[in-house]
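Below is one structure; the comments refer to it alone.
The values are calculated or read from the model by the stated rules, or taken from the named source; none is laboratory data. Everything numeric here is computed off the predicted structure, so don't read it as measured data. Methodologically, a virtual Cβ is constructed for each residue, glycine included, from the backbone with ideal geometry; neighbour enumeration extends over all protein chains shown. Surface areas here come from the heavy atoms of the whole protein model, side chains and all, with no ligands, DNA or RNA. Shrake-Rupley method; radii C 1.70, N 1.55, O 1.52, S 1.80 Å.
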Amino acid sequence: MRSTGARPLADLHVPDAARNRFVEAAVARLIPADELGPGAKEAGVATFIDRQLFGGWGTMAKMYRQGPWPEGTPQQGYQSPLTPQQVYRIGIREANAHCAKQVRQQLQRAHGSQQDEVLRGLDGGKIELEGVRSQFFFNMLLANTLEASFADPIYGGNRDKAGWKLVGFPGVAAVYTTHVDQHGVPYNAVPVSIQDIVDNVAEVDEHGHPKHVLLTRKD
């Protein structure tokens with residue numbers, strides 16, 4: 001990794017509004033809205049990422065941070081002196097600086113094709129960032145986008161359970177005892193989230209398990 005180490009957070013400051021605009025623009029290109037449903041922007045992915053960055057994950061509150069910091073393998077897990085919060089701050093600042101040189105606009109104000117070109121450059125390592133490896137930043141952004149799209153809506157993403165509806169995931173576990181012998185039979189249900197239970201909009205049984213409403217499959 002080309003990073004020379006973590007810098008003081010004061011040197012990495014990106015206003016929250018500017019960070020969110022960048023993230024919203026980027027994730028809208030990674031998972032765009034189409035005929036199948038809303039995209040990452042509409043599903044609240046930026047909200048999910050914002051909450052994660054300012055929680056324990058974003059600050060690496062429970063992770064070892066003493067190094068050494070060699071280039072690791074995928075099996076070795078996180079290998080960076082930077083926290084995810086710092087990776088985003090550096091990556092956004094320097095990616096926007098690249099955009100300003102190339103198209104005289106920050107990413108969120110560039111045309112869609114220009115945004116795609118920048119994201120492909122980060123993904124392929126063709127855009128060099130000074131403070132963090134571009135592929136490291138892009139891979140984190142992509143992974144967080146996917147996580148947000150399919151996590152429980154209580155964490156801010158997957159708004160209206162759009163991701164679950166797309167793949168047919170029923171959400172929070174219900175009781176399946178009446179279905180265990182129905183091999184090969186699709187289980188199509190209105191998805192239920194933790195947020196639904198917290199908000200008392202999901203019907204639950206005496207044990208607190210949600211009662212799934214089954215759907216009739218349309219072929």
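Some values worked out for this structure:
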{"quantity": "Solution diffusion estimate, µm²/s, Stokes-Einstein, the chain, Kirkwood Rh from C-alpha pairs, 4 °C, viscosity 1.567 mPa s", "calculated": "67"}
{"quantity": "Most fluctuating residue given options Glu128, Glu147, Glu35, as computed from a GNM of the chain linking Cα atoms under 10 Å", "calculated": "Glu35"}
{"quantity": "For Gly171, distant residues with modelled amide H under 5 Å away", "calculated": "Val192"}
{"quantity": "Portion, in percent, of the accessible area of the chain that falls on carbon or sulfur, probe 1.4 Å", "calculated": "52"}
{"quantity": "Residue-count net charge about Tyr176 - beta-carbon cut-off 15 Å; Lys, Arg +1, Asp, Glu -1", "calculated": "-1"}
{"quantity": "Accessible area in square angstrom per residue, the chain, 1.4 angstrom probe", "calculated": "59"}
{"quantity": "Of Lys62/Lys126; Lys62/Lys211; Lys165/Lys211, pairs whose Cα-Cα distance is over 27 Å", "calculated": "Lys62/Lys126; Lys62/Lys211"}
{"quantity": "Cα-based shape type of region 146-219, given that a ≥ b ≥ c are square roots of the gyration tensor eigenvalues and the cut on a/c is 1.5", "calculated": "oblate"}
{"quantity": "Computed [θ] at 222 nm, helices only, for the chain once each DSSP H run of length n ≥ 4 contributes -39500 (n - 2.57)", "calculated": "-12000 deg cm²/dmol"}
